[in-house]
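Here the structure is laid out as structure tokens; the discussion comes afterwards.
The values are calculated or read from the model by the stated rules, or taken from the named source; none is laboratory data. What you see is a predicted model, and the numbers here were worked out from it, not measured in a lab. Note that we place each Cβ from the backbone using ideal geometry, even for glycine, and neighbour counts take in every protein chain shown.
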Amino acid sequence: MVPPPANANASAHPAQGLAAETDAADLHDHIRVVGARENNLRNVAVSIPKRRLTVFTGVSGSGKSSLVFDTIAAESQRLINETYSAFLQGFMGASARPDVDVLEGLTTAIVVDQERMGANARSTVGTATDAGALLRIVFSRLGTPHIGPPNAFSFNVASVSGQGAVTVEKGTKATKEVRRFQILGGMCPRCEGMGTVNDIDLTQIFDENKSLSQGAITVPNYTQDGWYVRQYMESGLLDPDKAIKDYSPKELDNFLYHAPTKLRIGGMNLTYEGLIPKITKSYLSKDLDAVQPHIRAFVERAVVFKQCPDCGGSRLSEAARSVKVAGLNIAQVCAMPITDVADWLRTVQDRAAAPLIDALQALLDSFVRIGLGYLSLDRASGTLSGGEAQRTKVVRHLGSALTDITYVFDEPTVGLHPHDIERMNEVLLQLRDKGNTVLVVEHKPETIAIADHIVDIGPGAGTAGGQICFEGTVAELRASDTLTGRHFGDRASIKEEFRVPAGNIAVRGADLHNLRGVDVDIPLGVLTVITGVAGSGKSSLIEGYVAGRDGVEWVDQSAIKGSRRSNPATYTGLLEPVRKAFAKANAVKPALFSANSSGACPACKGAGVIFQDLGIVATTATVCEACEGRRFDPSVLEYKFGGKDIAQVLEMPVAQAVEFFGGEGKLAAAHAIASRLERVGLGYVSLGQPLTTLSGGERQRLKLATHLGAKGGTLILDEPTTGLHLADVDALLALLDGLIGEGKSLIVIEHHQAVMAHADWIIDLGPGAGADGGSVVFSGTPRDMVRERATLTAKHLADYVGA
């Protein structure tokens, strides 16, 4: 049992002396959950101690996130939102009460998840935390020369000035006065605070050696018989048979930059506009993630982003850059690693500003303590990995004066080297020791080992999970017969024999980001693991110099995007051959077998549920009575393939689908895709299960499955153990061995010691992070690494294998 809080038996009424009975207020020392049924949870009942560190374990997809995030954290945040007025709630996203009978003892929940921080181009590490705001105040107070308030150092605030006449009534008289105003901001006027300016590569939008009639315009969707090109050919401003290179300056300006003008073209009044502003509006102003792949490829080719020549990429105006504190301007400070910024700030001495400097110093030291000292404050927040983003969010709470908060973490060790995991553990314990309740969903044994209380959910994944298998201490978990308990002490051993490389990928002079002219040969035909502390340069080396080569497939950490209508069948492309097979077998069109097209149930429009918008009360979803949640028009379900209708096929677990497409519903393309899903351990997931209900580990494996059928001979995996249970790691290693046996070359960026021990070759970057990294400190077999113990990674690997 978990010991009660230290003050559990203390009287709340000093006048009464030491009370024999516990005060009623001290009885609420647990979060009590009864009858939780969110997603795959099966009437879960659990009591979680407050002001303790509780770790939730279990295989990927067992229901950990459903209990911690979708039930406990979701209800806490919903109840807080209900304290606001109805007017304010109208502007907030309404959420339904979790499917649970009893939920008691909740405190304010702060969720620190793995979601990447907003990809707003103006958001940086400095603006996402208080560091940027505090630093601007330091420069406005202590900087010389003095130019103005903190806004004068903000690249998100433009300088604005103006004047005008106003009429002022004084008694019976009205007089006119001239009023002036000025807002001094720090935004660079050239790049508008972006740090980069973009230009269009004209060679990518037209072929100067051709005329318009010969197809000179190479922009997607600008076809010869289309209206886009006809406007230019029939405008009367251009000679359609004249090569672009022979245009006069006037003709070239009409072609590329002409302002919008109404012209009569082809018997219609149309707006004629130069090619540059037209494609800027239609293509370049859109979110690249939302456009079709061929449009995205065109934009990436045609638009050239380069550093702003005026501010040198600092985003700041010349005035802001002219102010210095302790010999540096704010742009130089923000470009330094946070470790160096913390050292610089210690040289700044001013008694009047001491509280401000101390607050900023504590914040910067928190970055260093949590292992993010290699970041710079001007680092775009959208470029942070999931693990870096999560730790950046943690920094904001370390100095908080609030206590009795429930902090909810989603695998805080993701992306962390074993050395950095020790630092993260210290942070979790620090939050607990301030009187907070810390709930952690985690797979790493290093973090499970520091828990006060453990809740193991399982025994399996999906429908085979959703039950509490174990509650207790670490010692009790080790002795238990649960899957987590049996594998808790697992240690992979270094292989006796290593595969012989079949060539290599040579990298020479790599100097991207913090890389220091790296020369390295990456073996092919074997399992190569790239290691090193977070920020040492692993991703810079592989993504910058290997990923773009021919025959190389890159499986990164980017999140799978998809709505409730997306599922494994649509994401992997499995549904396409299935729809065609149904159409061919029944002599109808394929669109009938899509719940997002002609075959959708007309009542719910293919969603399977009916949504009721109840204003400030949460939107409710009820199963559609017309299709009974199957999403298709009942008439569509009369068509069969292999004895099954389309809804029955989508309800099949992957393992059953493999048998079906190899037997009654023989379909080679679908069988191959389903087999890959089963191979990555998703045999229990149904083909039509919404992507929104998959766990993080399941999504990672789903993405990996889509790349298994790629034609490239080399596969790069970025931390494939993310979200995997201890037992699942063994299955992953078997999968990697199978891929190599099929002739693939594997390059794996990974921190998990089991994967390092299983490798044929290890390339270790370091020795530290940021400016202290960027060098290859070891390249060789795991056996040599452990024997030499020359690097930080080597020491941790040696301890892991017991060498």
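Would you please list the contacts, defined by Cβ atoms under 6 Å and residues six or more apart or on different chains, that run from a residue in segment 688-700 that is outside any loop (DSSP other than H, G, I, E, B) to a residue that is surrounded by fewer than 22 Cβ atoms within 10 Å (Cβ to Cβ) and small (Gly, Ala, Ser)?
Pairs that qualify, where the first residue is outside any loop (DSSP other than H, G, I, E, B) and the partner is surrounded by fewer than 22 Cβ atoms within 10 Å (Cβ to Cβ) and small (Gly, Ala, Ser), are 691/562; 691/566.
Filter segment 241-254 for residues that are farther than 15 Å from residue 274 by Cα and either modelled with pLDDT under 90 or not in a loop (DSSP other than H, G, I, E, B) (or both) and give the result.
245, 246, listed by residue number.
Residues are listed down the side, and each one gets a yes or a no for (1) under 20 Å from residue 146 (Cβ atoms); (2) among the acidic types (Asp, Glu); (3) assigned by TED's automatic domain parsing to the domain that holds residue 217:
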{"site": "259", "(1), (2), (3)": "no, no, yes"}
{"site": "264", "(1), (2), (3)": "no, no, yes"}
{"site": "267", "(1), (2), (3)": "no, no, yes"}
{"site": "271", "(1), (2), (3)": "no, no, yes"}
{"site": "278", "(1), (2), (3)": "no, no, yes"}
{"site": "294", "(1), (2), (3)": "no, no, yes"}
{"site": "321", "(1), (2), (3)": "yes, no, no"}
{"site": "346", "(1), (2), (3)": "no, no, no"}
{"site": "362", "(1), (2), (3)": "no, no, no"}
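Residue by residue, here is whether (1) over 27 Å from residue 448 (Cα atoms); (2) in contact with a strand residue (DSSP E or B) (Cβ under 7 Å, 6 or more places away or on another chain); (3) part of a loop (DSSP other than H, G, I, E, B); (4) modelled with pLDDT of 95 or more holds:
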{"residue": "39", "(1), (2), (3), (4)": "no, no, yes, no"}
{"residue": "66", "(1), (2), (3), (4)": "no, no, no, no"}
{"residue": "80", "(1), (2), (3), (4)": "yes, no, no, no"}
{"residue": "91", "(1), (2), (3), (4)": "yes, no, yes, no"}
{"residue": "117", "(1), (2), (3), (4)": "no, no, yes, no"}
{"residue": "120", "(1), (2), (3), (4)": "yes, no, yes, no"}
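If I filter segment 677-687 down to residues being out of contact with any Asp or Glu (no Cβ under 7 Å at 6 or more places or on another chain) and either touching a residue at least 40 places away in the same chain (Cβ under 8 Å) or more than 17 Å from residue 729 (Cα to Cα) (or both), which single residue comes out as surrounded by the most Cβ atoms within 10 Å (Cβ to Cβ)?
In the first step, residues of segment 677-687 are kept if they are out of contact with any Asp or Glu (no Cβ under 7 Å at 6 or more places or on another chain); the result is 677-680, 683-684, 687.
Now narrow it down to the ones that are either touching a residue at least 40 places away in the same chain (Cβ under 8 Å) or more than 17 Å from residue 729 (Cα to Cα) (or both): 677, 679-680, 684, 687.
Details: 677: 27, 679: 20, 680: 23, 684: 19, 687: 25.
Once the filter is applied, the top-ranked residue is 677.
For the structure I just gave you, tell me whether residue 60 is in contact with a His (Cβ under 8 Å, 6 or more places away or on another chain) and at pLDDT 85 or above. Before you say what the answer is, go through the steps one by one.
Values: in contact with a His (Cβ under 8 Å, 6 or more places away or on another chain): yes; at pLDDT 85 or above: yes.
Against the criterion (in contact with a His (Cβ under 8 Å, 6 or more places away or on another chain) and at pLDDT 85 or above), residue 60 qualifies.
If you scan segment 446-485, which residues turn out to be in contact (Cβ under 8 Å) with a residue 40 or more places away in the chain, outside any loop (DSSP other than H, G, I, E, B) and of a type in the set (Val, Ile, Thr)?
Once the filter is applied, which keeps residues that are in contact (Cβ under 8 Å) with a residue 40 or more places away in the chain, outside any loop (DSSP other than H, G, I, E, B) and of a type in the set (Val, Ile, Thr), segment 446-485 yields 447, 448, 454, 455, 457, 463, 468, 484.
If you go through segment 489-544, how many residues are within 30 Å of residue 392 (Cβ to Cβ), small (Gly, Ala, Ser) and exposed (fewer than 14 other Cβ atoms within 10 Å of the Cβ)?
1
Name the single residue, out of those in segment 319-336 being in contact (Cβ under 8 Å) with a residue 24 or more places away in the chain and in a helix (DSSP H, G or I), that is surrounded by the fewest Cβ atoms within 10 Å (Cβ to Cβ).
322
Quick one: is residue 339 surrounded by fewer than 23 Cβ atoms within 10 Å (Cβ to Cβ), assigned to a helix (DSSP H, G or I) and within 22 Å of the chain's Cα centre (by Cα)? Please lay out each step first, then the result.
Working: surrounded by fewer than 23 Cβ atoms within 10 Å (Cβ to Cβ): yes; assigned to a helix (DSSP H, G or I): yes; within 22 Å of the chain's Cα centre (by Cα): no.
In short, no.
One line per residue, one yes/no per condition, for (1) in contact with a Leu (Cβ under 9 Å, 6 or more places away or on another chain); (2) within 20 Å of residue 210 (Cβ to Cβ):
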{"site": "227", "(1), (2)": "yes, yes"}
{"site": "243", "(1), (2)": "no, yes"}
{"site": "253", "(1), (2)": "no, yes"}
{"site": "262", "(1), (2)": "yes, no"}
{"site": "271", "(1), (2)": "yes, no"}
{"site": "278", "(1), (2)": "no, yes"}
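Could you pull out the residue among 583, 607 that is under 21 Å from residue 686 (Cα atoms), in contact with a Lys or Arg (Cβ under 9 Å, 6 or more places away or on another chain), buried (at least 16 other Cβ atoms within 10 Å of the Cβ) and at pLDDT 85 or above?
Values: 583 fails: under 21 Å from residue 686 (Cα atoms).
Only one candidate passes the filter, namely 607.
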